[in-house]
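What follows is one structure encoded as C-alpha cells, with my remarks underneath.
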2 protein chains.
Amino acid sequence: MRDVAVIGAGCTTFGEKWNVSFRNLFVEAGILALEDAGLAGEQIDAMYVGNMSAGRFVEQEHIGALIADYTGLASYHIPSTRVEAACASGGLSFRQAVIAVASGMEDIVVAAGVEKMTDVASGASVDALTGAADREWEGFVGATFPGLYAMIATDYMNRYPLTREQLALVAVKNHYNGARNPIAQFQQEITTETVIRSALVADPLRLFDCSPITDGAAAVVLAPLERAREFTDTPVKVLASAQASDTITLHDRRDISTLDGSVAAGRRAFELAGLSTADIDLVEVHDCFTIAEICAIEDLGFCKKGEAGKLTEEGVTALHGSLPVNTSGGLKACGHPVGATGIKQVYEIVQQLRGEAGRRQIDGARIGMTHNVGGTGATVAVHILGV
Amino acid sequence: MRDVAVIGAGCTTFGEKWNVSFRNLFVEAGILALEDAGLAGEQIDAMYVGNMSAGRFVEQEHIGALIADYTGLASYHIPSTRVEAACASGGLSFRQAVIAVASGMEDIVVAAGVEKMTDVASGASVDALTGAADREWEGFVGATFPGLYAMIATDYMNRYPLTREQLALVAVKNHYNGARNPIAQFQQEITTETVIRSALVADPLRLFDCSPITDGAAAVVLAPLERAREFTDTPVKVLASAQASDTITLHDRRDISTLDGSVAAGRRAFELAGLSTADIDLVEVHDCFTIAEICAIEDLGFCKKGEAGKLTEEGVTALHGSLPVNTSGGLKACGHPVGATGIKQVYEIVQQLRGEAGRRQIDGARIGMTHNVGGTGATVAVHILGV
C-alpha cells in the first residue's frame, strides 16, 4: 500500500443557504479544494462524494454522476462514487478515497461531502434524518435523534458524574471556537445560561445541546505521498484510516452510553498509526449533541469513562487547553450538513496542521484526529493526519 | 496491487417478494454467498452494499450499518459501506470491494446489492427511480425512465437499421434465458408477438421492452487471489474493474444513442485486462430496456454501431450463439432490483465460469464480462472475470 497525503482542501460557509442549490453547493467546495491544490479538473482520476439523504431531501439520487457532471468532469468520464453512512457519509467518502490512492489504482482523488437540508422538497428534515436509525424498530415508534441521544444522556448522567452545567460547557466551548471560524453557521459566543435556559427538546437535551439543520459542502484532494510535493509545499499525511460498525439500534447495545464503534475505530486508528492519545494535538469529534462529545472523548481513550465532563469544566478541551476538541466549532457551532461533516473535520485538521487556522490556530499542531459518527454510533470513521 | 478473486456467490430469487423485508432479503443473499465460500461471518473483514434508494422506497438510510447488524456482524465492528450510483450501485459496490482487497487493506470482503421495490412506503417506485436522472432538468418536467430510453430508441431507429421485430427479439431471447434460470422473476418464454402486441409504455417501447419492478438481493465474496484456494477449488479471477461517468442528463450528451460511459468503461476494462472483444465468452449487459441491450453490445465494441439488431436476429447473442448476451435472462427476465443487479450479473458470470449454470450453461466459458449502467448512462461499471 502507498502512503497517502491531502494536497488541497476547501469548504463552503455552512448555514441556511436558501439561495444555493444542492449541486452548486458542491461545485463551490470542489473549486475551492482544486484551487487550493493548484489543480485543474482534468487532472483528477476519481471522485468520492459523501451524502446521506439527497433522495429524500431533494429527490435526487445518483449523486456521484450529478456531481461529476456539474463540476465539468463528465466529459473526462472519471469514476465518481457516492458513499452513504448517514452522518458518517463524509468520513467514509474520505476513507474510500484513501483506499483508492493507497491501492495504486488512482493517483489524484477528490473526497467530498455535501448535504442540502433547508429548502427541501418535503420539509421533512427530521423524518429524513430518522433514516439514520432503524426505521422499523426506532423510527416507526416515534424515536428521533434528539430522543435517542437524550436516552444516552439520561443513562450517562445516572451512572457517571456529569452535571447539567458541564454538559452546557461543551456547547459554550464550541460556540467560542465557532465564533473564530469564518465558515461556521453560528458565530456567536454563548454562556452556560444560554444553554440551560433554552427550550427543552428531549430531556435533558435543550436547543443549545443540539447541532442545527445546515446546508454545506466540503472537499479535499488526495494524492500518493510520494507525489504530494508536486502540488503543495504543505502536504498533510494520512497516518491512519479506521472504520467500525455497531448495532443500528440503541436498544441492542451492550452499553448505550459507550459507543463501541468509537472504541473499536479509535483503537484501530491508533494501532495503524503506531500512536497513542498522548500524540494527538487536537481532535474533531462528532458532537451532534453535547452528550456525544462527552462520550467521544472517553470512547476514543482520551480519559476514563465519566471524566469528560470534569475535563471540559477544567478547560482541557478548550481552544488553548492541553487537548483542544472541536477547534472548528464542531457540529454544534459550525453546523451539521450531515454528508459534509466528515470532510469538514478533515478540512479543519488540514488548516490547523498547515498553521492556517487564524484566530483558532493551535500553536505547533502536528498531529490531528477526526471522529465521524453515523446514527447513534452504528458507523464510526476515525482518521489520524499528520505533518 | 494484489490480484483479486471471487470465492463465493449467492442470490435470492428475484420477484415481487411481498412477504420479505428489505433487510431479510439481504440476509438471505449474504448467507448463500458465505455458505458458497464456506466462510463464517466473523471471517469477513469488510462489506460493501449497493443500494439505490432505500431512503425513498423504505425510508431507511444507513444501509451498511443496518446490514452489518442484521447479518450478525455488528459485534465484530467490521466496516460496512453503502455505495450508490442509481442502477449501477451493485457494480460500484463490487468495484469498491475489488479496490479494498487489491489495496491490501482488507482480505475477505463481501460485495452485495439489495433493493426492495414492492410494498414500499410511498408507492412511488417510478418517482423514486426518477432520482437516477437529473431531478431538476428531467424529473421535474415529467421525464421517466421509459420516456428517456424511448428517446434513445427513437433517435437510434431514425439513424440505424433496427426494426421493431429485432428490438422485440432482445426480449424474446432474454425471456428464453430467464426460463432456464431458477432465480428469474419471469420464467415464461415469449414470442415477438407478445412484445409487439403489449401495451405501449413510451413509444416505441412497449411493456415487454421494459425491465420490471423487482425485489432481490445478491452477494459475492472476494479474497486476494493468492488466498482464494483456501476457500474454493474454483476461484474466479477479477481481470479488470473499470468505471466511467457521463453527463447525468440525456440532452447534454454528444450523441444520445451512444452511451459514451459504456464506451469509456469498456475500453478501459479491455486495456486493464489486456484482452479484446474476441476473448469474451459471454457478457451480461444492462438491458433495463430492449434498446439498452442493443446500444450496450455496440458501445462495448462487440459490433459496429447499427449492427446489433441484425446480430440479435441472426442469433449471435442467443444462448448458444457465438456471443451469448444476458444468459441470466438479463434485467428484462431476471427482474431489476436496481441495487442488486450489478452483483447478480457477477453471480451469473461466476456460475457460468464454474460450469454451474445448469440449463443455460455455455460450454467451455472461461472469460465473462459484466456491464452495469446507472440512469441513462451517467455511471457505467464494467468488469471482466476469468478462470
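Conditions tested, residue by residue: (1) in contact with a Cys (Cβ under 8 Å, 6 or more places away or on another chain); (2) under 30 Å from A:Glu313 (Cα atoms); (3) not assigned by TED's automatic domain parsing to the domain that holds A:Asn19.
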site	(1), (2), (3)
A:Val114	no, no, no
A:Glu138	no, no, yes
A:Gly147	no, yes, yes
A:Tyr160	no, yes, yes
A:Asn181	yes, yes, yes
A:Thr191	no, yes, yes
A:Val195	no, yes, yes
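Return the total of residues in the range A:221-235 being closer than 27 Å to A:Gly261 by Cβ and either surrounded by fewer than 24 Cβ atoms within 10 Å (Cβ to Cβ) or within 17 Å of the chain's Cα centre (by Cα) (or both).
0
Any residue at all in the range B:344-365 that is outside any helix (DSSP H, G or I), in contact with a strand residue (DSSP E or B) (Cβ under 6 Å, 6 or more places away or on another chain) and assigned by TED's automatic domain parsing to the domain that holds B:Ile190?
yes
Where in the range A:1-97 are there helices (runs of 4 or more DSSP H), lying fully within it, with 1 or more residues that are more than 10 Å from chain B (Cβ to nearest Cβ) and either of a type in the set (Lys, Arg) or under 27 Å from A:Ile213 (Cβ atoms) (or both)?
A:22-37
Which one of these does B:Ala218 not meet: (1) surrounded by fewer than 22 Cβ atoms within 10 Å (Cβ to Cβ); (2) assigned by TED's automatic domain parsing to the domain that holds B:Glu42; (3) under 23 Å from B:Gly377 (Cα atoms)?
(1)
Looking only at the range B:198-218, count how many residues are in a strand (DSSP E or B) and free of Cβ contacts under 8 Å to residues at least 60 places away in the same chain.
4
Out of the range A:58-98, which residues are on the phi > 0 side of the Ramachandran plot and either outside the structural domain of A:Arg23 (by TED's automatic domain parsing) or small (Gly, Ala, Ser) (or both)?
The answer is A:Gly72, A:Ala86.
Could you list, in sequence order, the residues of the range B:41-51 that are in contact with a Leu (Cβ under 8 Å, 6 or more places away or on another chain) and farther than 16 Å from A:Leu92 by Cβ?
B:Gly41, B:Glu42, B:Ile44
Could you tell me how many of the residues in the range A:226-241 are small (Gly, Ala, Ser) and farther than 20 Å from A:Arg366 by Cβ?
0
Just the residues that are closer than 14 Å to B:Ala74 by Cβ and small (Gly, Ala, Ser), please, taken from the range A:233-261.
A:Ala244, A:Ser245, A:Gly261
Restricting to the range B:119-157, name every residue that is among the polar types (S, T, N, Q) and in contact with a Gly (Cβ under 9 Å, 6 or more places away or on another chain).
B:Thr130
Within the range B:368-384, is there a residue that is among the small types (Gly, Ala, Ser) and more than 14 Å from chain A (Cβ to nearest Cβ)?
So far as the range B:368-384 goes, yes, one or more of its residues are among the small types (Gly, Ala, Ser) and more than 14 Å from chain A (Cβ to nearest Cβ).
Give just the number: which of (1) surrounded by 15 or more Cβ atoms within 10 Å (Cβ to Cβ); (2) over 30 Å from B:Asp69 (Cβ atoms); (3) touching an Asp or Glu at 6+ places or on another chain (Cβ under 9 Å) does A:Thr130 not satisfy?
Only one criterion is unmet by A:Thr130, namely (2).
Could we say that B:Cys303 is among the hydrophobic types (A, V, I, L, M, F, W, C) and free of Cβ contacts under 8 Å to residues at least 12 places away in the same chain here? First the steps, then the outcome.
Numbers: among the hydrophobic types (A, V, I, L, M, F, W, C): yes; free of Cβ contacts under 8 Å to residues at least 12 places away in the same chain: yes.
Yes: the conditions hold for B:Cys303.
Looking for something part of a strand (DSSP E or B) and in contact with a Pro (Cβ under 8 Å, 6 or more places away or on another chain) - is there at least one such residue anywhere in the range B:100-114?
yes
Taking A:Pro324, is it of a type outside the set (A, V, I, L, M, F, W, C), more than 14 Å from every other protein chain (Cβ to nearest Cβ), within 25 Å of A:Ala143 (Cβ to Cβ) and out of contact with any His (no Cβ under 7 Å at 6 or more places or on another chain)?
Taking the combined requirement at face value, the residue does not satisfy it.
Report yes if A:Ala308 is touching a residue at least 12 places away in the same chain (Cβ under 8 Å), over 18 Å from the mean Cα position of the chain (by Cα) and buried (at least 24 other Cβ atoms within 10 Å of the Cβ), otherwise no. Can you show your working first?
Numbers: touching a residue at least 12 places away in the same chain (Cβ under 8 Å): yes; over 18 Å from the mean Cα position of the chain (by Cα): yes; buried (at least 24 other Cβ atoms within 10 Å of the Cβ): yes.
So A:Ala308 fits the description; yes.
Assuming B:Ser322 fulfils every condition listed in (1) closer than 22 Å to B:Gly364 by Cα; (2) buried (at least 24 other Cβ atoms within 10 Å of the Cβ); (3) hydroxyl-bearing (Ser, Thr, Tyr) apart from one, which condition is it?
(2)
For the range B:1-14, does any single residue satisfy the condition of being surrounded by fewer than 23 Cβ atoms within 10 Å (Cβ to Cβ), over 19 Å from the mean Cα position of the chain (by Cα) and modelled with pLDDT under 95?
yes
The values are calculated or read from the model by the stated rules, or taken from the named source; none is laboratory data. The structure displayed is predicted, hence computed values, not measured ones. Reconstructed Cβ throughout: ideal geometry from the backbone, glycine too, with neighbour counts over all protein chains shown.
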